[in-house]
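Taking it in order: structure first as structure tokens, then the write-up.
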Amino acid sequence: MAGPLAGIRIIDLSQIVSGPMATTILADQGADVIKVESPGGDPVRRMGPAKGDLSAMFIAVNRGKQGLSIDVKSGGGRAILERLIAGADVVVDNFRPGTMDRLGFGHDRCRALNPRLIYAAITGFGTDGPYANIRVYDPVVQAVSGIAATQIDGAGRASLVRTLVADKVTAVTMAQAITAALFHRERTGEGQRVDVAMLDAAMAFNWPEGMYNHSFRDDPPPPYPEYGALARLWPCADGQVAIGMMQDIEFIALARSLGRDDLAGDTRFHSVGGRMAHREEWAPAIAAEIAARTKDELMAGFIREGAVGGRVNGCAEAADDPQVVHNRIVVAIDHGSAGRVDNARPPARFSATPAAVAGPAPHLGEHGTAVLMALGYDADAIAAFLAAGAVFGIEG
């Protein structure tokens with residue numbers, strides 16, 4: 001069965017992570033995505049472990065797309081891109097403000113070619129303002145948005161989340177925004193521009209708990225301990241575990257899972273305030289019980305009592321976690337000469353229109369002939385584009 005976005009065509013002009021990941025989410029949900037790259041290709045092709053022009057990172061954020069490589073500064077390249085845009089539902093870019101206008105494919109030009117178009121633009125800090133023209137990568141957005149300040153280290157200093165959290169939350173935000181714009185167009189026939197700044201997405205993502213001491217403007221209540229300072233992992237006999245006890249029944253279940261019915265029955269610990277006030281009376285005992293057990297022993301107790309807890313898996317272990325295996329999260333993509341490549345499947349499950357990994361990521365320009373022929377170009381026209389240096393990487 002086709003995914004929920006079957007029949008939607010997306011022209012992906014973006015690179016690195018935020019834009020490509022957004023369009024991969026939509027490709028997994030059935031959209032037809034054409035990744036348009038410059039002759040040099042997306043820089044992520046060369047980041048991390050790779051086989052040829054396919055890095056593991058590139059595959060993860062570009063799977064299931066058709067690949068076309070053109071020089072948009074050439075007459076032939078511009079003609080091809082114009083034809084692509086005219087027949088598309090969505091165009092996505094993540095360049096600095098003004099770049100697409102300078103190339104001749106800004107919002108106004110694209111909407112003139114296709115009034116029903118959803119023009120989706122990702123920027124670092126926004127389309128204008130004091131930082132608009134600064135080149136942006138994930139750590140910079142983590143720093144400015146306050147995410148780094150919520151990751152307090154042992155010395156009380158800000159630190160980075162060691163994953164591309166700002167890029168990824170921007171990708172998820174943009175994917176949702178694109179589907180909302182498509183839904184509006186379905187009802188009204190009207191296309192529109194959608195802008196997502198990484199800074200905006202990161203701050204919205206961080207706000208609920210990261211900024212809870214900075215939300216009440218009028219007569220603010222006393223500050224609460226910062227969430228980032230409260231979060232920790234607990235050492236055990238063969239590694240670490242994470243636990244939680246936001247609700248009273250969760251503390252009781254945790255204590256029982258560790259054989260400490262005395263702590264479970266102590267009414268001083270039966271409220272968040274009580275547990276905070278008497279932390280030194282229960283936390284060392286809980287820590288000692290956890291330290292004496294293995295991860296498997298702890299998980300057995302957590303499951304038995306319904307406590308909140310999980311083992312800390314190393315990167316090489318996560319795919320083999322029993323629940324990960326049960327959920328069939330990791331799937332293998334056949335990449336031909338590159339062999340099989342593991343990826344996480346689309347997380348959303350649709351009962352009527354299942355999402356699925358649409359296929360491998362493209363080599364640079366791999367589907368050029370097929371894309372151009374679908375646009376109405378014949379073999380002679382394609383040969384002329386190749387000879388003029390407007391198209392690159394076409395097979396054969």
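The values are calculated or read from the model by the stated rules, or taken from the named source; none is laboratory data. Since the structure is predicted, the reported quantities are computational estimates derived from the model, not experimental observations. Glycine also receives a Cβ, built like all others from the backbone with ideal geometry; neighbour counts cover every protein chain displayed. The area values use the complete protein model at the heavy-atom level, side chains included, leaving out ligands, DNA and RNA. Shrake-Rupley method; radii C 1.70, N 1.55, O 1.52, S 1.80 Å.
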For this session: Working only within region 110-131, note down all residues that are under 24 Å from I11 (Cβ atoms) and surrounded by fewer than 16 Cβ atoms within 10 Å (Cβ to Cβ).
Result: A112, P115, R116, T127
Exercise. Any chance region 326-340 includes a residue that's over 27 Å from I85 (Cβ atoms), touching a Leu at 6+ places or on another chain (Cβ under 9 Å) and small (G, A, S)?
Worked result: yes
Exercise. Among helices (runs of 4 or more DSSP H) lying entirely in region 1-105, which contain 2 or more residues that are at pLDDT 95 or above and closer than 16 Å to V357 by Cβ?
Worked result: 18-28, 56-62
Exercise. Applying the selection to region 240-249, what residues are open to solvent by 30 Å² or more (accessible area, probe 1.4 Å) and more than 9 Å from V308 (Cβ to Cβ)?
Worked result: Q240, D248, I249
For this session: Would you check which residues across region 220-232 are of a type outside the set (K, R) and open to solvent by 80 Å² or more (accessible area, probe 1.4 Å) and list them?
Result: P220, P222, P223, Y224, Y227, L230
Exercise. Residue check, D89 against (1) out of contact with any strand residue (DSSP E or B) (no Cβ under 6 Å at 6 or more places or on another chain); (2) surrounded by fewer than 24 Cβ atoms within 10 Å (Cβ to Cβ); (3) not β-branched (V, I, T), all met but one. Which one?
Worked result: (1)
Exercise. Out of all the residues in region 145-203, which are charged (D, E, K, R) and free of Cβ contacts under 8 Å to residues at least 40 places away in the same chain?
Worked result: D153, R157, R162, E186, R187
For this session: Would you mind stating whether A242 is over 23 Å from V61 (Cβ atoms) and at pLDDT below 95?
Result: no
Seminar exercise, completed: Going through (1) under 30 Å from the mean Cα position of the chain (by Cα); (2) modelled with pLDDT of 95 or more one by one, A288 fails only at (1)
Exercise. When you go through (1) touching a residue at least 12 places away in the same chain (Cβ under 8 Å); (2) assigned to a strand (DSSP E or B) one by one for G365, which number turns out not to apply?
Worked result: (2)
Problem set entry | Among the residues listed as A381, A388, A374, A361, the single one being surrounded by 13 or more Cβ atoms within 10 Å (Cβ to Cβ), touching a Ser or Thr at 6+ places or on another chain (Cβ under 8 Å) and aliphatic (A, V, I, L, M) | A388
Exercise. Of all the residues that make up region 142-157, how many are open to solvent by 50 Å² or more (accessible area, probe 1.4 Å), closer than 12 Å to A229 by Cα and among the β-branched types (V, I, T)?
Worked result: 1
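Results for (1) open to solvent by 60 Å² or more (accessible area, probe 1.4 Å); (2) assigned to a helix (DSSP H, G or I), shown as yes or no for each residue.
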position: D167; (1), (2): no, yes
position: A177; (1), (2): no, yes
position: L182; (1), (2): no, yes
position: D195; (1), (2): yes, no
position: E209; (1), (2): yes, yes
Problem set entry | Test: Y212 is touching a residue at least 24 places away in the same chain (Cβ under 8 Å), closer than 15 Å to A149 by Cβ and among the hydroxyl-bearing types (S, T, Y) | no
Problem set entry | Enumeration of residues in region 249-279 that are modelled with pLDDT under 95 and closer than 30 Å to G314 by Cα | R279
